[in-house]
1. Going through Ala162, Ala135 one at a time, which residue ends up being out of contact with any Lys or Arg (no Cβ under 6 Å at 6 or more places or on another chain) and over 22 Å from Val259 (Cα atoms)?
2. Within segment 13-36, which residues are among the β-branched types (Val, Ile, Thr) and modelled with pLDDT of 90 or more?
3. When you scan segment 147-229 for strands (runs of 3 or more DSSP E) that lie fully inside it, which ones turn up with 2 or more residues that are farther than 30 Å from Arg83 by Cβ?
4. Given the options Ala245, Ala285, name the one that is touching a strand residue (DSSP E or B) at 6+ places or on another chain (Cβ under 6 Å), in a helix (DSSP H, G or I) and touching a residue at least 24 places away in the same chain (Cβ under 8 Å).
5. Would you mind stating whether Pro143 is more than 16 Å from the chain's Cα centre (by Cα) and within 20 Å of Asn276 (Cα to Cα)?
6. Out of (1) under 21 Å from Ala202 (Cβ atoms); (2) crowded, with 19+ Cβ neighbours inside 10 Å, what's the single condition that is false for Leu27?
7. Just give me the residues in segment 98-122 being more than 16 Å from Val255 (Cβ to Cβ) and either crowded, with 24+ Cβ neighbours inside 10 Å or touching a Ser or Thr at 6+ places or on another chain (Cβ under 9 Å) (or both), in sequence order.
8. Name the residue, out of Pro49, Pro45, that is closer than 17 Å to Met1 by Cα, surrounded by fewer than 16 Cβ atoms within 10 Å (Cβ to Cβ), in contact (Cβ under 8 Å) with a residue 12 or more places away in the chain and out of contact with any Pro (no Cβ under 9 Å at 6 or more places or on another chain).
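The values are calculated or read from the model by the stated rules, or taken from the named source; none is laboratory data. Please read these numbers as outputs of a predicted model, since none were measured by experiment. For neighbour counting, all protein chains shown are included, and Cβ atoms are generated from backbone atoms with ideal geometry for every residue, glycine included.
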Amino acid sequence: MYASVLAGGSGTRLWPLSTKAVPKQFLRLTGERTLLQATVDRVAPLVPPDQLYVVTFARYRGLVREQLPALPAMNILAEPAGRGTAASIGLAATLIQARDPEGVMGSFAADHLIADTDGFQAALRLAEEVARQGALVTLGITPTAPETGYGYIQMGAPLAAAGPLTAHAVARFVEKPGLETAREYLQTGQYVWNAGIFIWRADRILAEIQRHVPVIGDVLSEIGAAAARTGGQVTPEVERAIARAWPRLTANVTVDVGVMERADGIVVIPIAVGWNDIGSWPQVAALHPADAHGNVVVGLPAGGYLQERTTDTLIYSATGRRIATAGVSGLIVVDTPEGLLICSKEDAQLVKNLAERG
C-alpha cells in the first residue's frame, strides 16, 4: 500500500499554540511524538517510507524533513497554494500512479489522533482488499454523541467482512446536521461520522476527479506527464510542472463534495478506534485527565497552577509561568510565547477568527 499524508493545514482553532509558522500537525499535543509523526507511525507497518508521500506547503518542507528523517526528500510534495483536498489527494495519486499503475493508496490527515492503532490497521487491511477491486473506500467513525460539527455517512448493505469489521455500500453522504437530526442518526445505528480517511486505487480516484472536477483533472494530467518521466519521484522537473499548472486552480474543492458525493461504488467501513481530529481547545482538554473540579492542567508542574472556586477550565502552558484563576468556570486559558488566550469553552470556535487577525 502507498499513502498520502496531508500536512498543509494551518490549525487556526488551536491558536496561539498553533501558528502559521508551526501549525498543529507539527506539535506534540499528547506525547513525545508530533501529530504528523504519530500519523506516519500508525501506517508504518503497512506503508514503507519510500511509498509514503507528504503533501504540504513549501514553507513547511523543512519541518517535514526534520520530523520524518526516514522519508525520502523526493516524496515531499509542496503545493504552491492550498486548493482543497481534491487537488492535494489527486497530486499524491498522480505521483503514485506514475510509480505503480494499479497501486492502492490511503489518504490521511496529519492532525488526527487514533487510540486503537491495531484496530485501525486491521480496518486498513480490509479497505485495501476492497479497494483493489475498484471501490472507493472511506473509514467512518462510529459516533459516540450527536455531534453537529461532522458530516455523516449513511451505511447501506454489507459487502465484505474481516473479523469484527464489515464493509458497507454507502447509501448517502450528509452535511453537518442540526442537533435533533444528529440524535436521530445516532438512534438508527445506520450513520457514521465522515472522518476524511480514504483508501482507493490511484487510477480510480484520478479517473473520478477527471470525471467530476475536470479542471483539477486537467492540471493533474499535465503534472502526471512529467511524473511519468521521473517514475513518480518529486524531481525539479515535476516541481516545475506543478508550479506551471497549479495557478489554473482558482477554487478550493474538497474531495468529499467534489468527488465522493457524486461517484459510484463508494464503500464505508465503520470503526471505533478512539478517533479525535483535535479541532478545538475543548477537544484538547478531553484528551487529558481532569481534577475533582473538572479542571485540566497541561504543561505545569505541581504548584504551578493555583485556583479558587474554578471549575471546568483548561489551563495549557507552553511557557511554564505560574497561572492562577479564581471564581471562573468553563474557560480556556492558553499561555504561549506567541501570546495569551482566554476564552469561554462555548465560544472556542471564535479562536479561528482571532488567529486570522493575529
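1. Numbers: Ala135 fails: over 22 Å from Val259 (Cα atoms).
One residue alone meets the criteria, Ala162.
2. Initial filter on segment 13-36 (among the β-branched types (Val, Ile, Thr)): 19, 22, 30, 34.
Across segment 13-36, the qualifying residues are Thr19, Val22, Thr34.
3. Working: elements: 152-162, 165-174, 191-201.
The qualifying strands (runs of 3 or more DSSP E) are 152-162, 165-174.
4. Values: Ala245 fails: touching a strand residue (DSSP E or B) at 6+ places or on another chain (Cβ under 6 Å).
Residue meeting the stated conditions: Ala285.
5. Numbers: more than 16 Å from the chain's Cα centre (by Cα): yes; within 20 Å of Asn276 (Cα to Cα): yes.
So Pro143 passes the test.
6. For Leu27, the failing item is (1).
7. Matches in segment 98-122: Ala98, Asp111, Leu113, Ile114.
8. On the way: Pro49 fails: out of contact with any Pro (no Cβ under 9 Å at 6 or more places or on another chain).
The match here is Pro45.
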